[in-house]
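To start, the structure under review is shown below, and the notes come after it.
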Amino acid sequence: MTVMAERTVQMSVEEFEEIAKLIERQSDTVRLEFINGRIGFKGVTDGDHSEIIRWLQQRCMRVRPDLWLYAGGELGLLVEAYRKGRAKPDAVLAPEKTFVGQGDWADPARVLMTVEVTSYDWDTDRRDRKEKPAAYAAAGIPLYLLIDRDHGTVTVHSDPAADGYGYLQVADFGKKVVLPDPVGIELDTEELKNYVR
């Protein structure tokens with residue numbers, strides 16, 4: 001594929017949604033996203049990926065039982081500020097019942113934080129480190145937490161604006177990191193050292 005082809009819109013959002021429904025009904029191994037006018041594929045996660053989400057879910061519940069970490073990448077979010085977008089974060093932190101009646105692609109208005117855990121695939125850098133933070137910030141989601149198994153780091157993106165997050169806090173696995181308001185949780189990331197290859 002040429003660079004020019006990568007920058008053009010591949011299809012309408014309506015076409016994407018139809019294709020996503022068909023593919024995801026037939027496959028347990030692929031999830032589709034539509035970011036920056038391009039269709040993207042997310043493979044199934046491995047055991048360590050799932051354990052990281054479990055780890056984060058426990059910490060969030062201990063400190064903020066008023067919130068729920070919706071996990072598993074099944075929840076789709078409308079991230080439409082730049083072209084029409086559809087993203088499936090690895091986890092979403094929001095008040096309980098935020099997504100009642102919202103269908104396949106939910107409004108992110110009440111989402112406090114999206115979470116991505118890097119996978120060992122070819123497009124992680126573009127997808128998780130560039131496109132998703134830009135899309136989540138433009139959608140007004142207060143925090144984006146990237147748990148980066150390739151680099152052994154946790155990055156907290158905050159202060160969203162139309163052109164991206166204004167503040168980044170990066171910590172190596174094993175250090176403490178603060179998820180600022182509106183989440184207000186401090187994470188001790190020592191356990192994450194167990195999930196690095």
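The values are calculated or read from the model by the stated rules, or taken from the named source; none is laboratory data. Note that this is a predicted model, so its numbers are computed, not measured. FYI the Cβ positions are ideal-geometry reconstructions off the backbone, even for glycines, and counts take in every protein chain you see. For the accessible areas, the whole protein counts, side chains as well, though only heavy atoms, and no ligand, DNA or RNA atoms are used. Shrake-Rupley method; radii C 1.70, N 1.55, O 1.52, S 1.80 Å.
What the table shows:
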read-out: Qualifying residue in the range 160-172 (condition: exposed (fewer than 13 other Cβ atoms within 10 Å of the Cβ) and within 17 Å of GLN57 (Cβ to Cβ)); value: no
read-out: Number of the condition not met by SER119 [criteria: (1) closer than 26 Å to VAL63 by Cα; (2) of a type outside the set (A, V, I, L, M, F, W, C); (3) in a loop (DSSP other than H, G, I, E, B)]; value: (1)
read-out: Residues located in the range 63-75, provided they are crowded, with 18+ Cβ neighbours inside 10 Å and modelled with pLDDT of 85 or more; value: ARG64, LEU67, TRP68, LEU69, TYR70, ALA71
read-out: Qualifying residue in the range 179-188 (condition: touching a residue at least 12 places away in the same chain (Cβ under 8 Å), open to solvent by less than 20 Å² (accessible area, probe 1.4 Å) and more than 16 Å from LEU112 (Cβ to Cβ)); value: no
read-out: Flag if ARG110 is open to solvent by less than 60 Å² (accessible area, probe 1.4 Å) and either closer than 18 Å to THR189 by Cα or touching a Ser or Thr at 6+ places or on another chain (Cβ under 9 Å) (or both); value: no
read-out: First in the range 143-167 and among the basic types (Lys, Arg), second anywhere and buried (at least 17 other Cβ atoms within 10 Å of the Cβ), Cβ under 6 Å, 6 or more apart; value: ARG149/THR118
read-out: Residue satisfying all of: in the range 98-107; open to solvent by 10 Å² or more (accessible area, probe 1.4 Å) and within 15 Å of the chain's Cα centre (by Cα); farthest from VAL183 (Cα to Cα) among these; value: TRP105
read-out: Test: residue in the range 39-60 that is farther than 25 Å from GLU190 by Cα, modelled with pLDDT of 60 or more and either crowded, with 20+ Cβ neighbours inside 10 Å or of a type in the set (Val, Ile, Thr) (or both); value: yes
read-out: Complete set of residues in the range 138-159 that are buried (at least 20 other Cβ atoms within 10 Å of the Cβ), closer than 22 Å to ASN194 by Cα and of a type in the set (Ser, Thr, Tyr); value: THR155
read-out: Candidates VAL117, VAL92, filtered to the one that is touching a Ser or Thr at 6+ places or on another chain (Cβ under 9 Å) and modelled with pLDDT of 95 or more; value: VAL92
read-out: Condition met for PRO95 (loosely packed, with under 14 Cβ neighbours inside 10 Å and not polar (S, T, N, Q)); value: yes
read-out: Test for VAL156: is it part of a strand (DSSP E or B), in contact with a Gly (Cβ under 9 Å, 6 or more places away or on another chain) and closer than 24 Å to ASP48 by Cα; value: no
